[in-house]
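J.: One structure is given below, represented as structure tokens, and several questions about it will come after.
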């Protein structure tokens, strides 16, 4: 028999093979297919780090930057993971309307005299914070944090200049 025909005969035999090994291989292929598709889907969004990019506000908040918000500095990170993992830091010019809206939103807790644990919590970031983000001692800022138990949103307001610092992350 010609070697080519012998090879075709072997292939034909394995297609009809119902041995435990062949069945296991079919199951493994079936299980790996969704993982492969999921890995392709994870690459469907852009990931990386953007520093002082005009699109950082939209990346962070899902909407265009309001006209009355002046971004002084920004840093945004997005993971290549298929879940939405991100971290951002913003320094905003003083803005009384934004400050008032944040304070009156009912979604934030004001730390007037933070405990040692609260101080550690509000200074916890996923990545190292940029040097320009809350560069002064913590006592020089009003501190607001999300009421949500596992949320990481924080707002720091410089008591002297009124400059606003926003940060959040989820992983």
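We did not get these values from a lab; they are worked out from the coordinates using the rules stated. Please read all numbers here as calculations on a predicted model, not as lab measurements. Every residue, glycine among them, receives a Cβ derived from its backbone with ideal geometry; neighbour counts consider all protein chains shown.
J.: Once label points are set 7 Å from the Cα along Cα→Cβ at both residue 93 and residue 116, what is their separation, rounded to one decimal in nm?
T.: 4.2 nm
J.: Still on this structure, please answer the following. Which FRET efficiency, nearest 0.05, do residue 28 and residue 81 yield, Cβ-Cβ r, R0 22 Å?
T.: Details: r = 24 Å, r/R0 = 1.10.
In this case the efficiency is close to 0.35.
J.: Rounded to a whole number of µm²/s, how large is the Stokes-Einstein D of the range 48-170 at 4 °C and 1.567 mPa s, given Rh as the Kirkwood radius over C-alpha pairs? Write out the running numbers ahead of the final one.
T.: Values: Rh = 14.9 Å.
So the translational diffusion coefficient is about 87 µm²/s.
J.: Right, next: Between residue 161 and residue 109, with labels modelled 7 Å along Cα→Cβ, what's the label distance in nm to one decimal, could you check?
T.: So the two model labels end up 2.9 nm from each other.
J.: Given a Förster distance of 30 Å, report the FRET efficiency between residue 49 and residue 100 from their Cβ-Cβ distance, rounded to the nearest 0.05. Display every interim value, and only then the final one.
T.: On the way: r = 32 Å, r/R0 = 1.06.
Here the calculated transfer efficiency is 0.40.
J.: Sorted by packing (mean other beta-carbon atoms within 10 Å per residue), highest first, where do 153-163, 92-102, 109-119 land? Display every interim value, and only then the final one.
T.: Details: 153-163: 16.9, 92-102: 14.2, 109-119: 11.3.
Highest-to-lowest ranking by the protection proxy: 153-163, 92-102, 109-119.
J.: Which order do peptides 129-135, 59-65 fall in by mean Cβ count within 10 Å, highest first? Can you show the working numbers first?
T.: Details: 129-135: 14.9, 59-65: 12.9.
Per-residue mean Cβ counts within 10 Å order the peptides as 129-135, 59-65.
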